[in-house]
Amino acid sequence: MAGEQIIQAVGTEFNIEITDQQKIELVVTEGKVKVGVQNPSEKPTSNPEPQFLSVDARTVSAGEKLMLGDSNEAITEVSADDIAVKLSWRSGNLIFRGESLEEAVKEVGRYTSVEFVFMNEDLKKMRVAGLFKAGDVEGLLATLRENFDIVTHRDDNGKVLLSID
């Protein structure tokens, strides 16, 4: 269960991510997954019983993605490259392919307790690409300094301040 959604595996592999907007992104990489909303009267307790979806529940298959909580919740195809990017965290890597620096820093922040502070709003929009080790803050900062001329330093509280020289 993720939020109020039930995602039931049917001999499968899949990835779930809850976005900043509290939507649930489901990407199926193998097999099929059934998806439905849990009954409000059956919300988890301290000892939850498993819930099962009916045979006519919506099904998402390998190579497809569904954004739960989106206005249309349409099932769309996902390329093999996009799946590799989504699953890169499993091998300890993070792959960025033109995401904004703000999005990249948020993703890196999921694997470390370091807080990043943008001193310039324009920096948030800068596009980055590359492969980084999850949690390797120093490697990320070195890349930002060397390839993007971004000035980085830590304040007295350990926050990483990012600015343009």
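Bear in mind that the values in this text are calculations on the coordinates, not laboratory data. Given the structure is predicted, the values throughout are model-derived calculations rather than measurements. Positions of Cβ are generated from backbone atoms using ideal geometry, with glycine treated the same way; all protein chains shown enter the neighbour counts.
Here are the numbers for this structure:
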| quantity | calculated |
| --- | --- |
| Chain lengthening between GLU17 and ALA2 when straightened (0.36 nm per residue, less Cα-Cα) | 4.5 nm |
| Amide H contacts of ILE6 (H built 1.01 Å from N, under 5 Å, at least 5 apart or other chain) | GLY36, VAL37, GLN38 |
| Among ALA84, GLY31, ALA134 - extreme Cα towards positive end, dipole of the chain, charges at beta-carbon | GLY31 |
| Alpha carbon centroid spacing (whole Å) that separates the stretch 116-139 from the stretch 73-90 | 22 |
| Environment charge of SER88, counting only residues whose C-beta is closer than 14 Å and scoring Lys/Arg +1, Asp/Glu -1 | -1 |
| Restricting the stretch 74-165 to GluC sites (Glu not before Pro) in coil, as DSSP defines it, with at most 15 other Cβ within 10 Å | GLU115 |
